[in-house]
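The values are calculated or read from the model by the stated rules, or taken from the named source; none is laboratory data. In this text, all values refer to a predicted model and were calculated from it rather than measured experimentally. Neighbour counts run over all protein chains shown; Cβ positions are idealised from the backbone, glycine included. When the accessible area is computed, the model is the full protein with side chains, heavy atoms only, and any ligands, DNA or RNA have been set aside. Shrake-Rupley method; radii C 1.70, N 1.55, O 1.52, S 1.80 Å.
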Amino acid sequence: MKDQKKKKPLLTGTAIIKKVLKESGNTTLFGYPGGAIMPFFDEIFGDNKIRQILMRHEQSAGHAAEGYATASGKLGVCMTTSGPGATNLITALANAFYDSAPILAFSGQVNTSLIGNDAFQEADLIGATMAVTKHNYLVKDVRDLGRIFKEAMHIASTGRPGPVFIDLPKDIQLAECSLKEPIPEKINLVGYKPNVYSKAAGRQITHALKMVMNARYPVILAGGGVSISNAYQQLTELANLLKIPVVSTIKAKGVIDDYHPYALGAIGMHGRQRSNFAVSEADVLLAIGCRFSDRITGDLDKFPGQGNAKVIHIDVDAAEIGKNVPVDLPIVADAKLALIEMNRQIRALKGKKKELKTNSWWYRWIKEMKENDQIPNIVEKGPEGGIYPEKVMYELDRIMNPRDIIVTEVGQHQMYAAHYLKFRHPRTFITSGGLGTMGFGFPAAIGAKVAKPRSEVWLIAGDGSIQMNSHEMATVKQHNIKVNMIILNNGYLGMVRQWQELFNEKRYAGTGLGFVRNGKQEYWPDFVKLGEAYGLKGRKVTDPRKLGKALQEAKASKETFIIEVATEKGSNVLPMLPPGGALSSLYNREGEQKSIYDYYRRLPRTDSELKEFKSVRVNPIK
Amino acid sequence: MAKAEKTPEFLVALLVEDHPGVTMKIAGMFARRGINLTSFTGASSEKKGFSRIIMKAEGDSKVFEQIYKQMNKLIEVVKVKTLLPDNAIMRELALVKVDIKDAIDRQAVISLNDIFRNRVTNITPKTMTIEVVGSTGKIDSFVSLVTEQVNIRELARTGTIALYRGEDSIFMD
Ligand SMILES: Cc1ncc(C[n+]2csc(CCOP(=O)(O)OP(=O)(O)O)c2C)c(N)n1
Ligand SMILES: [Mg+2]
């Protein structure tokens, strides 16, 4: 034996994957096993450097990976078995795709020799994931595996991030790789070079600044891209330098402190009136990292500034620029790099002069626009004996720490949270924006807590949404993950009920979750009892005065705690834009169709108009 | 009656990595965005592992811009370029099999072939198979003229292929 050099054992496919994941620091995996992914599960068995969290459904595994990614800013990883395991993941991939979250997902697949034979638990996942991923791969040779995993992680987390899916036949996982270097040091993707910054962008930024500084009412619109590229400091600095308002999309909550004097809040269908007013009055809109979804713009012909404002659009994805809204000045760049350059140019302009000369008149009205910003504290019950959702937000806002993370499901409760809660730090509000996926919230909250174990994570759920993935109560119990669950039980698929009330003559088809039997109103499940079945504690709150205490109890609890709040059945989240209506139109809190100009005045544009102008609000607050 | 306005079309040339499923991804992108593909050709290029794909689609400049950007986002797509009649050489090949009833038919088709400089690739007592090469317009007009004389039994067209005129090229640098 003495002459024989000891040969390094060859790495198997699963060993390569484990090595790539460990070397890149991606050691938290959300997953669900099955025949075709057994080799990989076996590989990580007993490895104390890898944390494998067994969810109770593959969709949840995907959402948990997204919650983890969004809370931490890192890659989220999930894995499933072939066939039904992988098809169960599709919704989560789509959700991550529309919200540009960096996710690496891999699924087992039948052996390469069986692909195309309709083998047991075979499904064409390359075809099925194509429309909902940034990229996907089918691994056909174990020698490609290391490269593919490295490429996939790179593609998922750079440029405009998104989910990347890898289809992984079982025989490839088991095969030994004959390459000397199974994991290449460097990867070279000829067709993928995200344009994060260029000289051309720098020149465009100079033009953009000119437009903004010459404008009377320029407005900054911050989108999710500002959060994704971690550009919050730069955004705040820009607002401070220019003294112009910042409005945001719901995916950008927290990128600027809600208490910042120039932060107006979200725009769009369920946005704040003052934000929709600001954009309706704007003459220049500086949009950063947003994609102008129809929920944000309302009627495109009247967006922004009644259709008369100039639009500057900064986005790392060139395909978003000009897609929905015509753009006067396109800037293809990463939000952070663009804002750093913009701030640099402003500081250079400012030079030795103490004040920067802009034409903006916003500073005259901004204070008045931010008046009366408190969450209403409605202590009475509603006409049907329920607690007003506003009250839940009021109490939660009082108990919340600025670093706490709020995760929502989808529906009215989501919009109440986005509308009322104050966010002071980025990545503290996690919600399904682009796809609006009921069932996203609970698993995403689990992922967020795993990423940020020292932050309190509050889930705001509706009674409908929570039932889409309530089985994850077993996961939080098993893995001892603490989520403070607040279930707003209004007995309805409330958001749809609201539309039926407003637009379908109150024909509540298929939206009641409770029912009448033998003359008695019934509702199932009892969410606190459901929690008990999973070994979790909880409390049902029917008295608004007891809400605060219940929240304290949840906070003090060592494990997941369920608060079921009996909220008012008929309450609507208002104001809202009528579907298809302009950003300046709205249903007010009484459900009447109004215009934003019933509440705010057209802003003066000339010196003589300015002289006449007394107050922004039609009914000034005394 | 006013002539119906022709839907505008554009021609896109791609250089793509030759992976399984690439054509599906590209064609899928058009389908998903509701854009009509009128022709699609793809085969190996001068570089090993890369294919050249030429597509024609219906749409105005806004549609084209969106397609151009979306194509650029596909990881396997290395180059995307648009081709216009004045900067590109475009060709299409058609195989046309016509029914021949008698000598009159045969003579009529042969004289059309002369005008169009077509080649006859196969002939039987009852059919003639003709190879037509040229612009899409040339093939269209041959097809309509030959239909006036005889019945077309089968028609296969390759769709347009194109390269830049002169020294401009779409290749990997
Ligand atoms: C998976 C999925 N199915 C259906 C919908 C449509 N939808 C949007 S909001 C909503 C109602 C949500 O009800 P609930 O969770 O009780 O919240 P509420 O609006 O009552 O606060 C429905 C059905 C959706 N967004 N996602
Ligand atoms: Mg509900």
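Assorted remarks:
- Formal net charge of residues neighbouring residue B:19 (Cβ-Cβ distance under 11 Å; K, R +1; D, E -1): -2
- For region B:9-83, alpha-carbon Rg over 2.2 N^0.38 Å: 1.00
- When the listed pairs A:251/B:25; A:251/A:449; A:22/A:74; A:506/A:549; A:251/A:391; A:49/A:452 are checked against a 25 Å cut-off, the alpha-carbon distance exceeds it for A:251/B:25; A:506/A:549.
- Partners for residue A:622 among lysines (Cα-Cα distance below 18 Å; same-chain residues under 8 apart left out): A:367, A:370, A:614
- Where B meets A: accessible area buried, both sides, 1.4 Å probe, Å²: 1400 Å²
- Near residue A:232, once Lys and Arg are set to +1 and Asp and Glu to -1 for all other residues with Cβ below 12 Å from its Cβ, the sum equals +2.
- Average Cα contact separation per residue, region A:199-372, under 8 Å, 6 or more apart, as relative contact order %: 29 percent
- Sparsely packed trypsin sites (Lys or Arg not before Pro) within region A:185-254, loop by DSSP, other Cβ within 10 Å at most 11: A:186
- Chymotrypsin sites (Phe, Trp or Tyr not before Pro) within region A:446-511: DSSP coil, no more than 14 neighbouring Cβ in 10 Å: A:508
- Potential lengthening of the chain between residue A:543 and residue A:384 amounts to 55.9 nm, from the contour at 0.36 nm per residue minus the alpha-carbon distance.
- DSSP loop trypsin sites (Lys or Arg not before Pro) with at most 16 other Cβ within 10 Å excluded, longest remaining stretch of chain B: B:49-100
- This model, with +1 at the C-beta of Lys and Arg and -1 at the C-beta of Asp and Glu, gives region A:9-177 a dipole about its Cα centre of some 560 debye.
- The protein assembly as shown - percent of accessible surface contributed by carbon and sulfur, probe 1.4 Å: 52 percent
- Sites residue A:611 and residue A:300, calculated FRET efficiency, Cβ-Cβ separation with R0 45 Å, nearest 0.05: 0.80
- Here the 3J(HN,Hα) profile of region A:126-131, calculated from phi with Karplus coefficients 6.51, -1.76 and 1.60 at θ = phi - 60°, is 5, x, 6, 9, 3, 7 Hz, Gly and Pro shown as x.
- Members of region A:174-200 that become less accessible by 50 Å² or more once partner protein chains are added (1.4 angstrom probe, chain alone as reference): A:190, A:191
- Spacing of the modelled spin labels on residue A:180 and residue A:19, each 7 Å from Cα toward Cβ, amounts to 1.4 nm.
- Positive dipole terminus of region A:9-177, leading residue within A:104, A:71, A:16 (C-beta point charges): A:71
- The protein assembly as shown - charge dipole about Cα centre, Lys and Arg +1 at Cβ, Asp and Glu -1, debye rounded to 20: 2520 debye
- Scanning residues 5 or more positions from residue B:127 or on other chains, those with amide H under 5 Å from its amide H are B:100, with H placed 1.01 Å from N in the peptide plane.
- In a simple Cβ point-charge model (Lys, Arg +1; Asp, Glu -1; nothing else charged), region A:389-566 has a dipole of about 500 debye relative to its Cα centre.
- Mean separation of Cα contacts under 8 Å (6+ apart) over length of chain A, as relative contact order %: 13 percent
- Charge context of residue A:99, other residues only, Cβ under 14 angstrom, K/R +1, D/E -1: +4
- FRET efficiency for the pair residue A:619 and residue A:524, taken as 1/(1 + (r/R0)^6) with r the Cβ-Cβ distance and R0 = 60 Å, rounds to 0.85.
- Considering only alpha-carbon pairs that sit under 8 angstrom and 6 or more positions apart, the relative contact order computed for chain B is 26 percent.
- For trypsin sites (Lys or Arg not before Pro), the sites in region A:396-475 that DSSP calls loop and that have at most 10 other Cβ atoms within 10 Å are A:454.
- Multiplying the residue separation of residue A:601 and residue A:206 by 0.36 nm and subtracting their alpha-carbon distance yields 139.0 nm.
- Surface analysis of chain B yields an accessible area of 58 Å² per residue, using protein heavy atoms and a 1.4 Å probe.
- A crude spin-label estimate for the pair residue A:532 and residue A:118, with each label 7 Å from Cα along the Cβ direction, gives 5.0 nm.
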